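What follows is a set of notes on a single structure, which appears directly below.
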Amino acid sequence: MEAQEFGEMMEHVDEVNFALDGLKKGQPVRIRRASLLSLLSICATLPQRRLLRTHGPRRRCGWLMTGNVIRDEELWPLLNELIEGLNIMWKRMLECHRSQCQPHPFSLPSPIPEWPLGQGFATGKINLGELEVMDSSVFGYYCQPNDQPLRGYVIAAREREPSSPEVYCDYDSDTDFTALRKPVNYSLVWSTDYGNGCGFFWLPNPPLGYKAMGIVVTDTPDEPNVEEVRCVREDLTETCEIMDTLLAADANTFQVWTTRPCKRGMFCKGVSVGTFFCCTYFVSEDQELEIACLKNLDPSLHAMPNLDQIHALIKHYGATVFFHPDEDCMPSSVQWFFKNGALLFKDGKPKGEPIDYLGFNLPSGGTNDGAFWIDLPRDDNARQNVRNGNLESAELYVHVKPALGGTFTDIVMWIFCPFNGPANLKIGLMSIQMNKIGEHVGDWEHFTLRISNFTGELWKVYFSQHSGGEWVDAFNLEYNDAARSKYFVDSSTRYQIVAAEYLGDGVVTEPCWLQYMREWGPTIVYDSRSELDKIISLLPFLVRFSVENIFDLFPTELYGEEGPTGPKQKDNWLGDERS
């Protein structure tokens, strides 16, 4: 049904519905002929199917629409035809609405290219040691919101012979038990009611020494067959925790969450299975669940991309980083920063030392003990030049690492700014620069591309912000080339891979400056109350006192901005992103 036809029908449907209610109650009915004729005409000409009988209103509408008048004795047959037609029409419209509301599978704007040859990357399956797994969206029990494109999956696994040369394990299993076994039975976690067609959520009860991987859902109260799923031997699993809430029902007595491994990071082995957890009791974020995730016991991480594949991934998925047209402090390369006068200071020495453009004279290793820091050149002109940055030299510094037990690849893109300007306070349409508050030397920011090692598909992107950030699923990203400024860096071409530890020694040579573990800027100390008073004096009189009351909550003592540390000192270098 076209939108125009639907609109025309809705103009008259309320009147007809009122008349039909009256007929059911045996009351006298008054209905405008125009409303009846219009609905009959629309019903008779719907393109899906003949909603009314061929010998009825379709023919009758042919002469009704010519202007003839309906006699009273014809009203009842017409209404009977109309009732039948409307019933079928509403069913068709409901089916159409449901089909339109159903989420559809998500696909990226451009097809996934054919990647360079490698070992196990993007082959559709991954060896975890005694198990070989693949992700499936066709069968299994996963859960996702219905207002998002279909992106859920569940891991399907098969057992491999331990003696097979293709099986890698970093330990010797001393058990004769198989990797996979059927559950003993099931426990009903929750159900909507006890009628067919509703949801029944079952927890598999594993044999001793095994773990369940997820929840089974049925639409009948009959306990599922034990052949439905398999439990995994306990030493092949890791603990998992709840993540995002997917569903809360019955005043929060029943909740459904996505899950993830408790331990996540570059050297962690937990593999997300794609299943969900549900229960009718309170669960804390760090509580160990009754289900588990898998463990990758393949030390070779054969599903991770090789160097050629990394370059292909960056070329295909690399983002263009745009900067605000009013931005004063642009990024630069680290080499440009060193060449243009950056100084290395040592505690107790008032004079700084020029830094070699490759960073050879920077102290390597250790911890951030405050013994060294980097600062801008002392000459005012040189200092201002470095503060402004140099967009032409800027590039993205890339760290590639395994995620979620080597089933995903994180491509972390770091960008360096010699100076981070003061923060801006936004009040309505006003934007007030906060003098010194927020400014510091040597700013490092990053975003992360998470790639599925099953397919090579971009899964999500992490955007850092201050000391945190957020993951954005690929289907929620804006693939928009229109919102541009003239200040940008294309990370698909202007990048340098600085670390990929899993590839082994000598494959990627880490630059000297990456081993510098101290601060990339000095600690800047100033009177925060004085700075806040300057801001208050610029505000309109009507809002000045309200803002002043808020600022009274700030500490009045001296305030300091410490210089940031480099990428290797950040939590996410070894660990997972904060979210």
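Here the 3J(HN,Hα) profile of the range 182-189, calculated from phi with Karplus coefficients 6.51, -1.76 and 1.60 at θ = phi - 60°, is 5, x, 5, 6, 10, 10, 6, 7 Hz, Gly and Pro shown as x.
Protection proxy ranking of 443-452, 349-358, by the mean of other Cβ atoms within 10 Å over each peptide's residues and highest first, is 443-452, 349-358. Taking a temperature of 4 °C and a viscosity of 1.567 mPa s, what whole-number D in µm²/s does Stokes-Einstein yield for the range 275-380 with Rh from Kirkwood over alpha carbon pairs? After rounding, the answer is 64 µm²/s. Neighbours of residue 494 by Cβ distance under 15 Å: Lys/Arg scored +1, Asp/Glu scored -1, total -2. Evaluating 6.51 cos²θ - 1.76 cosθ + 1.60 at θ = phi - 60° for every residue in the range 454-471, the Karplus couplings come out as 6, 10, x, 8, 5, 9, 7, 10, 9, 10, 6, 8, 6, 9, x, x, 8, 8 Hz, glycine and proline recorded as x. Taking amide hydrogens as placed 1.01 Å from N in the peptide plane, the amide H of residue 565 sits under 5 Å from those of 520, each at least 5 positions away in sequence or on another chain.
Remark: the range 150-157, residue by residue, has Karplus-estimated 3J(HN,Hα) of 5, 9, x, 7, 9, 6, 9, 10 Hz, where x stands for each Gly or Pro and the curve is 6.51 cos²θ - 1.76 cosθ + 1.60 at θ = phi - 60°.
Look at 242, 215 and count the other Cβ atoms within 10 Å of each Cβ; fewest to most, that gives 242, 215.
Each reported figure results from applying straightforward, stated rules to the coordinates on display, with no laboratory input. Keep in mind it's a predicted model, so treat the numbers as computed, not measured. A quick note on method: Cβ atoms are made from the backbone with ideal geometry, for glycine too, and the neighbour counts reach across all protein chains shown.
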